[in-house]
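The values are calculated or read from the model by the stated rules, or taken from the named source; none is laboratory data. Note that the structure is a prediction, hence the values are computed from the model and not measured. Reconstructed Cβ throughout: ideal geometry from the backbone, glycine too, with neighbour counts over all protein chains shown.
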Amino acid sequence: MTELHVQDKTQSEQAQRDNDLAATDTSPGRRISDEIVLEVKNVSLSFGGVRAIRDVSFDIRKGEVRAIIGPNGAGKTSMLNVINGFYHPQEGTITYKGQTQKRMRPHIAATQGIARTFQNVALFKGMTTLDNIMTGRTLKMKAGIFWQALYLGPAKQEGLRHRRRVEDIIDFLEIQHIRKIPVGKLPYGLQKRVELGRALAMEPELLLLDEPMAGMNLEEKEDMSRFIIDVNDQLGTTIALIEHDMGVVMDLSDRIVVLDHGEMIADGTPEEVQKNQDVINAYLGVAHD
């Protein structure tokens, strides 16, 4: 009876921990719905005479993992940059949570729940894992500059709350052993995990992942895949994913949009995309007589 009581208590504590970490309902299982979180409509983007994106339209549904794939130079990263406001398209609109705008701005995207990781790790290399993830809480901090400078009163209480949230993320990503290590001294795969942690610290509703497996070995890819699944399943975070490893894409994604030379050539489930001849041609090339 005592053993059962201890087990129930442990399970209860774990459930409370999950609730503290997730910004949304944390019950397990996929929660894909018909609700459209983000819609890209007729977006075109040019740099001088170079057309990076040509009249692309697609949507991302709440709770799904939406992959954006294509050969090098297809416009994938440019599309993520349009979504979170780093680039401004010459044509088309972005509708996020029902609000349509021609030009999203990065700080607005962040405050509205869009977080981003980058193809090349963009961390503060001299700062520890803990401090890097804490920077993701900046927009959540409400205390004024005066109190933050003194670290007294409201700022201290708020800082402790944010610190607890960051510690939960560190536990979630299983990086307790590197929490006090400067990230510049970490292997590349762990740096990628720290960057994911910083994005999660923003409590995003939509998480943009730009090649999260780039430069990783097989074991590191398996670990990152597991954490992406957990972020989607346990935290209920909607994910837009750019990735070159087609095995990873097919395993993780609910739907895939395929770009080639800035144009959308396919949009559908992994099974539909795999059979699409335009996609096969784009990746394998077309033989010419």
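Out of the residues in the range 85-105 that are among the hydroxyl-bearing types (Ser, Thr, Tyr) and in a strand (DSSP E or B), which is surrounded by the most Cβ atoms within 10 Å (Cβ to Cβ)?
So in the range 85-105, the residues among the hydroxyl-bearing types (Ser, Thr, Tyr) come out as 87, 93, 95-96, 100.
Pick out the ones that are also in a strand (DSSP E or B) and you get 93, 95-96, 100.
Values: 93: 16, 95: 15, 96: 23, 100: 10.
So the residue we want is 96.
Residue check, residue 82 against (1) surrounded by 15 or more Cβ atoms within 10 Å (Cβ to Cβ); (2) not assigned by TED's automatic domain parsing to the domain that holds residue 235, all met but one. Which one?
(2)
Assess whether residue 76 counts as being under 28 Å from residue 280 (Cα atoms) and either in contact with an Asp or Glu (Cβ under 7 Å, 6 or more places away or on another chain) or in contact (Cβ under 8 Å) with a residue 60 or more places away in the chain (or both). Spell out how you get there, then give the answer.
Values: under 28 Å from residue 280 (Cα atoms): yes; either in contact with an Asp or Glu (Cβ under 7 Å, 6 or more places away or on another chain) or in contact (Cβ under 8 Å) with a residue 60 or more places away in the chain (or both): yes.
When the stated conditions are applied, residue 76 passes them.
Would you check if residue 232 is surrounded by fewer than 17 Cβ atoms within 10 Å (Cβ to Cβ) and in contact (Cβ under 8 Å) with a residue 24 or more places away in the chain?
Working: surrounded by fewer than 17 Cβ atoms within 10 Å (Cβ to Cβ): no; in contact (Cβ under 8 Å) with a residue 24 or more places away in the chain: yes.
Answer is no for this residue.
Can you confirm whether residue 137 is in the same structural domain as residue 160 (by TED's automatic domain parsing), among the basic types (Lys, Arg) and surrounded by 20 or more Cβ atoms within 10 Å (Cβ to Cβ)? Don't jump to the end; show me each part of the working.
Values: in the same structural domain as residue 160 (by TED's automatic domain parsing): yes; among the basic types (Lys, Arg): yes; surrounded by 20 or more Cβ atoms within 10 Å (Cβ to Cβ): yes.
Criteria met by residue 137.
Kindly indicate whether residue 222 is under 15 Å from the mean Cα position of the chain (by Cα) and of a type in the set (Asp, Glu).
For residue 222, the condition - under 15 Å from the mean Cα position of the chain (by Cα) and of a type in the set (Asp, Glu) - is not met.
Being in contact with a Lys or Arg (Cβ under 9 Å, 6 or more places away or on another chain) and assigned to a helix (DSSP H, G or I) is the filter; apply it to the range 106-129 and report the residue that is farthest from residue 79 (Cα to Cα).
For the range 106-129, the residue satisfying everything is 129.
Among (1) out of contact with any strand residue (DSSP E or B) (no Cβ under 9 Å at 6 or more places or on another chain); (2) part of a strand (DSSP E or B), which single condition is residue 72 missing?
(2)
Counting residues that are modelled with pLDDT under 90 and of a type in the set (Phe, Trp, Tyr), which helices (runs of 4 or more DSSP H) fully inside the range 130-243 reach at least 2? Give the derivation first.
Details: elements: 145-150, 153-172, 188-200, 218-235.
Helices (runs of 4 or more DSSP H) meeting the threshold: 145-150.
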